[in-house]
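J.: Below is one structure. I have some questions about it.
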């Protein structure tokens, strides 16, 4: 990784990119990305970088679907915090779960 990669990586992490995505993109381990983001590696570039806390300010889910009132499920977690989920992603997961269950029933 060169200097410009490190700067770009830190900026992407600040904007909310996940460690796994960055590790895959730059071909390094998640631990390495974490140490870069925490400022442990390359301290001359500044202190710790963190993503958005709790997804605040995000306009799209991780699969690119927009958070609109029609496409957003809001849950209140047991700790009182709100959690947003994407309806389109839920439909895909539910369909895959039903298909897997149907295939298991067909083989028995």
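Quick note: the coordinates plus some simple rules give every number you see, no bench work behind them. Just so you know, these numbers come straight off a predicted model, no measurement behind them. No Cβ is skipped: glycine too gets one built from the backbone with ideal geometry, and neighbour counts run over all protein chains shown.
J.: Could you please rank 22, 104, placing first whichever residue has the fewest other Cβ atoms within 10 Å of its Cβ?
T.: Lowest count first: 104, 22.
J.: For the residues 99, 21, what sequence is obtained by ranking on other C-beta atoms within 10 Å, fewest first?
T.: On the way: 99 10, 21 14.
Going from sparsest to densest Cβ surroundings: 99, 21.
J.: Would you mind ranking 5, 106 by Cβ crowding within 10 Å, fewest neighbours first? Walk me through the numbers before you get to the answer.
T.: Details: 5 13, 106 7.
Placing the least packed residue first, the sequence is 106, 5.
J.: Follow-up question, since we're still on this one. Which value in nm describes the separation of the simple spin-label points at residue 93 and residue 74, placed 7 Å from the Cα toward the beta carbon?
T.: So the label points at residue 93 and residue 74 sit 2.0 nm apart.
J.: How would you order 75-84, 25-34, 7-16, 62-71 from highest to lowest mean count of nearby Cβ atoms within 10 Å? Don't skip to the answer; put the middle values down first.
T.: On the way: 75-84: 8.9, 25-34: 14.8, 7-16: 16.4, 62-71: 11.6.
Result, highest mean Cβ count within 10 Å first: 7-16, 25-34, 62-71, 75-84.
J.: Related question: Residue 18 to residue 82: extension gain in nm, 0.36 nm per residue of separation minus the Cα-Cα distance?
T.: Details: separation 64, 0.36 × 64 = 23.04 nm, distance 2.01 nm.
Additional length available on full extension: 21.0 nm.
J.: Next up: What's the FRET efficiency of residue 66 with residue 7 using the Cβ-Cβ distance as r and R₀ = 25 Å, to the nearest 0.05? Write down the numbers at each step before the final one.
T.: Details: r = 29 Å, r/R0 = 1.16.
With a Förster radius of 25 Å, E is 0.30.
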